[in-house]
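Comments concern the structure below.
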Amino acid sequence: MRSWSAPNIPKLPGSGVPLRLYDTAARDVRETRPSGQARMYVCGITPYDATHLGHANTYLAFDLVNRAWRDAGHEVHYTQNATDVDDPLLERAQATGVDWQDLAEREIDLFRSDMEALRILPPREYVGVTEVVDEIASLVGRLTERGATYRVDDDVYFSVAAAPKFGAVSGYSEERMLELFRERGGDPDRPGKRHPLDWLLWRAERPGEPSWAAPFGPGRPGWHVECTAIALRNLGSGFDVAGGGSDLIFPHHEMGACEGHVATGEWPFARAYVHAGMVALDGEKMSKSRGNLVFVSKLRPVADPMAVRLALLAHHYRSDWEWTPEQLTQAEDRLARWRAATGRASGPDGLAVLAGVRERIADDLDAPGALALIDEWAAAEGGDTTAPALVRDVADALLGIEL
Ligand SMILES: Nc1ncnc2c1ncn2[C@@H]1O[C@H](COS(=O)(=O)NC(=O)[C@@H](N)CS)[C@@H](O)[C@H]1O
Ligand SMILES: [Zn+2]
């Protein structure tokens, strides 16, 4: 599928410092050490109800990763999927009486335009699941050759017993795993399964559902294996960052890591598992099921997208936080202050802001700390005539904020 257009990234003097990120699997901040190209896989949207602020918050976090790596001199190989066939999408299409492919296409177009408005750098590959079903099926075949799968009726399951590293990503107890698996599309109670945490790799054809031919019978991919196949196909195993919101830690990234391990024999599947916090509204996580969504596309006619981006950046990417309209007003004020200050003939030392913002972002994406440094610069006087242009470039290249 077409990705989206890339904003220009101004070149900054010198180069950034090594990026450190909190790795969920290590339960600690770790320095990323990309060898050659930095490789990142970020899970894309299931294309309905796009693009709400929760989605935007998550993709913004990985945009900061992308920008920090480039500033540190790395080329970045970024792949993202779109789950353009899956139970929730089919259910929404059914419920609203639209064709599921039309729904997906319309929502993905809206997502692309929202990403462009927020100046989020596009992935090199933007892959729809429906484009690579054969690849996914061949991965299921490879897992079967390694003895890691079995059938329940005509459906193909991954046997958790075949995954020695199961639990390494989330570190959750089995009880918590069962609870989250049930809550997030799993089927722990299905009769005929060898273990409640075994997961669906291939759903055999059902009447009225889309299906694709496969050696083990017509059907469609299970959720986790789609991302494993797309990441393996484009990045290979051992890529630097697997990213998403924290609701993907389990089951999605845990199970994908096991599929990648068993399919390739290599561990880790991703060197770091990086997760963004949840954005809430009215006390509840913004989610399609609750319908408590604030859409980027609804804010765009009434607010500068750069203010929306600044409002999100004011929160640490790993924090869970609640959206309120006041935050947009505060962000608009900040944007106006930054634009005024970088429009001056001079200001305080610009290189100090460059070094400070680099250091803050490299420290597990401390965007709030970076914003505070630019606030301070904007509020003070100084004689550095190169500073206004440099600070403008720092805000753009590292934070994606066009002043
Ligand atoms: N309220 C929220 N706050 C922060 N991130 C969220 C929120 N809701 C969803 N996300 C993140 O947005 C991304 C897309 O979510 S999604 O549309 O439900 N799609 C999926 O999770 C799958 N297509 C991933 S393969 C995921 O990384 C998810 O964790
Ligand atoms: Zn995914």
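Numerical summary
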item	result
Enumeration of residues in segment 77-98 that are open to solvent by 60 Å² or more (accessible area, probe 1.4 Å) and hydrophobic (A, V, I, L, M, F, W, C)	Ala95
Residues being within 12 Å of ligand 2 (Cβ to nearest atom) and over 18 Å from Gly167 (Cα atoms) - total across segment 228-244	3
Residue match in segment 143-160 (condition: over 30 Å from Lys11 (Cβ atoms), within 16 Å of ligand 2 (Cβ to nearest atom), of a type in the set (A, V, I, L, M) and not in a strand (DSSP E or B))	no
Filter result (outside any loop (DSSP other than H, G, I, E, B), open to solvent by 50 Å² or more (accessible area, probe 1.4 Å) and of a type in the set (A, V, I, L, M)) within segment 178-227	none
Enumeration of residues in segment 43-80 that are away from ligand 2 (no atom under 16 Å from the Cβ), in a helix (DSSP H, G or I) and either touching a residue at least 60 places away in the same chain (Cβ under 8 Å) or among the acidic types (Asp, Glu) (or both)	Leu53, Ala56, Asn57, Leu60, Asp63, Leu64, Val65, Arg67, Ala68, Arg70, Asp71
Among the candidates Arg309, Arg339, residue that is surrounded by 16 or more Cβ atoms within 10 Å (Cβ to Cβ), within 21 Å of Ala372 (Cβ to Cβ), under 26 Å from the mean Cα position of the chain (by Cα) and touching a residue at least 12 places away in the same chain (Cβ under 8 Å)	Arg309
Out of Thr51, Thr32, Thr46, Thr24, sole residue that is near ligand 1 (Cβ under 7 Å from one of its atoms) and of a type outside the set (Lys, Arg)	Thr46
Cβ-Cβ under 6 Å pairs, at least 6 apart or on other chains, segment 385-397 side more than 25 Å from Leu121 (Cβ to Cβ), far side open to solvent by less than 50 Å² (accessible area, probe 1.4 Å)	Thr385/Ser346; Thr386/Gly350; Ala387/Gly347; Ala387/Gly350
Residue list for segment 342-358, restricted to those being outside any helix (DSSP H, G or I) and surrounded by 15 or more Cβ atoms within 10 Å (Cβ to Cβ)	Thr342, Gly347, Pro348, Asp349
Pick from segment 246-270, criterion open to solvent by 10 Å² or more (accessible area, probe 1.4 Å) and among the small types (Gly, Ala, Ser), ranking: farthest from ligand 1 (Cβ to nearest atom)	Gly265
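The values are calculated or read from the model by the stated rules, or taken from the named source; none is laboratory data. Owing to the predicted nature of the structure, the values given are computational and were not obtained by experimental measurement. Please note: Cβ atoms are built from the backbone with ideal geometry, for glycine as well, and neighbour counts cover all protein chains shown. All accessible areas refer to the heavy atoms of the entire protein, side chains included, with ligands and DNA or RNA removed. Shrake-Rupley method; radii C 1.70, N 1.55, O 1.52, S 1.80 Å.
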